[in-house]
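*Asks:* After the structure tokens below, expect a handful of questions from me.
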Amino acid sequence: MDLYSIPYEVKLQMENDPMKRTVLLVFFALMSTAMAQEIDCTVTLNADAMNPSDRVDIQNLGTAIQNYINSYRWTGEEFKGPKIKVTLTIYLMSISTPTSTTGKVYTAQAFVASQRPIYRSTNVSPMVRVIDNSWQFVYQKDQPMRHDEFHFDPMAGFIDYYMFVVLGFDYDSYDPLGGSKFFQRASNIVAQAQNSDYSQGWTPGGSGTYSRYAVVNDALSGQYETFRKAFYDYEYNGIDLLSTQKDSAQATVARALDKMADLVIQSGTRSAFVKAFFDAKYLEIADALKDYPDKAILQKLSIADQAHQSTYSKYLN
């Protein structure tokens, strides 16, 4: 916080009253810190699969995770624009109490979703839609959560990883390859996790399967640089302009998706990063192109994104 960003009339008050200067500087500094948070996350914890006696220990966990996410400055930068809306739903599946840890070991599934506003529209654009089925973490009742980039914690590390992935996709949508620094930070967490006692879910998966490793590894691979640049064009010059420049925006969406589809078809591989994109976007894509005159792009997407082929076929017919 600096004096240049404080309103002129407030500066005058500060100059005439040293005590008020101190109070107002503290106030504006706190306000600046509060405004700097980038993420507004709603966390839901579902413990229906747990025994009632085990639920006592985790009754405050959902709130603790939500506070952990929303009170942290994830970018370390002056964040401009509205906060990124994120939803995190955690399903606790089982619990064990090994003798070698200071807490209980929980197995959970998580659904992570994020969105961003569409320019000059009341609608939003989905950015991340991921179901993660293999999360293990250690937790004891009311333990504090801390950010530590040098030491892997299976609970905080999982949360940190997904917040950086959310930021990576969000920044990519405003600037070509703008999310690389966040994908790299997520990748650093993966490397730490793989060398920990809780490496489950952090190792490379098979072709076509989801893994945390594969998402960020693909994002940072030169092989998918063209895909990420096309994603920016799709979002920033396409989806953002549909409400004001529909014809040209639709054409941009189609061109960007054509590049993406070509890369997927030519590579012949099942990329976790590409899957993450289409899992979040397929309904938006179909809606954006439903009255586009050239249906060839929908036919190509039916090949490139076979998991959602039925949706594209519906609009083709």
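*Asks:* Out of segment 264-317, which residues are in a loop (DSSP other than H, G, I, E, B) and within 24 Å of residue 237 (Cα to Cα)? So that I can check it myself, show each step before the final result.
*Replies:* Applying the first criterion (in a loop (DSSP other than H, G, I, E, B)) to segment 264-317 yields 268-271, 289-295, 305, 317.
289, 290, 291, 292, 293, 294, 295, 305, listed by residue number.
*Asks:* Additional query: From the residues in segment 165-198 that are modelled with pLDDT under 95 and over 14 Å from residue 217 (Cβ atoms), which one is surrounded by the fewest Cβ atoms within 10 Å (Cβ to Cβ)? Write out each step before concluding.
*Replies:* Initial filter on segment 165-198 (modelled with pLDDT under 95): 194-198.
Add one more test, that the residue is over 14 Å from residue 217 (Cβ atoms), and what stays is 195-198.
Working: 195: 9, 196: 14, 197: 14, 198: 20.
Going through the qualifying residues, I end up with 195.
*Asks:* Evaluate the following for residue 130: is it under 30 Å from residue 253 (Cβ atoms), in the same structural domain as residue 57 (by TED's automatic domain parsing) and not hydroxyl-bearing (Ser, Thr, Tyr)? Steps first, please.
*Replies:* Numbers: under 30 Å from residue 253 (Cβ atoms): yes; in the same structural domain as residue 57 (by TED's automatic domain parsing): yes; not hydroxyl-bearing (Ser, Thr, Tyr): yes.
It is true that residue 130 is under 30 Å from residue 253 (Cβ atoms), in the same structural domain as residue 57 (by TED's automatic domain parsing) and not hydroxyl-bearing (Ser, Thr, Tyr).
*Asks:* Follow-up. Applying the selection to segment 155-213, what residues are part of a loop (DSSP other than H, G, I, E, B), farther than 26 Å from residue 226 by Cα, not aromatic (Phe, Trp, Tyr) and not assigned by TED's automatic domain parsing to the domain that holds residue 110?
*Replies:* Within segment 155-213, 195, 196, 197, 199, 200, 201 meet the criteria.
*Asks:* With the structure loaded, tell me whether residue 5 is outside the structural domain of residue 134 (by TED's automatic domain parsing), within 31 Å of the chain's Cα centre (by Cα), surrounded by fewer than 18 Cβ atoms within 10 Å (Cβ to Cβ) and modelled with pLDDT under 95 or whether it fails that test.
*Replies:* Details: outside the structural domain of residue 134 (by TED's automatic domain parsing): yes; within 31 Å of the chain's Cα centre (by Cα): yes; surrounded by fewer than 18 Cβ atoms within 10 Å (Cβ to Cβ): yes; modelled with pLDDT under 95: yes.
The answer is yes for residue 5.
*Asks:* Oh, and also: Find the residue count for segment 121-154, including only residues that are within 18 Å of residue 68 (Cβ to Cβ), part of a strand (DSSP E or B) and aliphatic (A, V, I, L, M).
*Replies:* 1
*Asks:* For the subset of segment 231-253 comprising residues that are hydroxyl-bearing (Ser, Thr, Tyr) and not in a loop (DSSP other than H, G, I, E, B), which member is farthest from residue 169 (Cα to Cα)?
*Replies:* If we filter segment 231-253 for residues that are hydroxyl-bearing (Ser, Thr, Tyr), which is where we start, we get 232, 234, 236, 243-244, 248, 252.
Keeping just the survivors that are not in a loop (DSSP other than H, G, I, E, B) gives 232, 234, 236, 248, 252.
Working: 232: 9, 234: 13, 236: 12, 248: 24, 252: 19 Å.
Residue satisfying both the conditions and the ranking: 248.
*Asks:* Also, quick follow-up: Do we have residue 264 as touching a residue at least 40 places away in the same chain (Cβ under 8 Å), touching a helix residue (DSSP H, G or I) at 6+ places or on another chain (Cβ under 6 Å) and either crowded, with 18+ Cβ neighbours inside 10 Å or of a type outside the set (Asp, Glu) (or both) here?
*Replies:* Values: touching a residue at least 40 places away in the same chain (Cβ under 8 Å): yes; touching a helix residue (DSSP H, G or I) at 6+ places or on another chain (Cβ under 6 Å): yes; either crowded, with 18+ Cβ neighbours inside 10 Å or of a type outside the set (Asp, Glu) (or both): yes.
So residue 264 fits the description; yes.
*Asks:* Next question. Only one of 196, 187 is in contact (Cβ under 8 Å) with a residue 24 or more places away in the chain, of a type in the set (S, T, N, Q) and under 22 Å from residue 279 (Cβ atoms). Can you tell me which? Step through it out loud before you land on a result.
*Replies:* Working: 196 fails: under 22 Å from residue 279 (Cβ atoms).
One residue alone meets the criteria, 187.
*Asks:* From the list 213, 232, 292, pick out the single residue that is within 21 Å of residue 189 (Cβ to Cβ) and not small (Gly, Ala, Ser).
*Replies:* Going through 213, 232, 292 in turn, just one is within 21 Å of residue 189 (Cβ to Cβ) and not small (Gly, Ala, Ser): 213.
*Asks:* Out of segment 283-317, which residues are under 16 Å from residue 126 (Cβ atoms) and free of Cβ contacts under 8 Å to residues at least 12 places away in the same chain?
*Replies:* Result: 287, single match.
*Asks:* Taking segment 61-104, which residues are touching a Ser or Thr at 6+ places or on another chain (Cβ under 9 Å), of a type in the set (Val, Ile, Thr) and modelled with pLDDT under 95?
*Replies:* 95, the sole residue that qualifies.
The values are calculated or read from the model by the stated rules, or taken from the named source; none is laboratory data. Bear in mind the structure is a predicted one, so any value in this text is a computation, not a measurement. Neighbour counts are summed over all protein chains in view; Cβ atoms, including those assigned to glycine, are modelled from backbone coordinates with ideal geometry.
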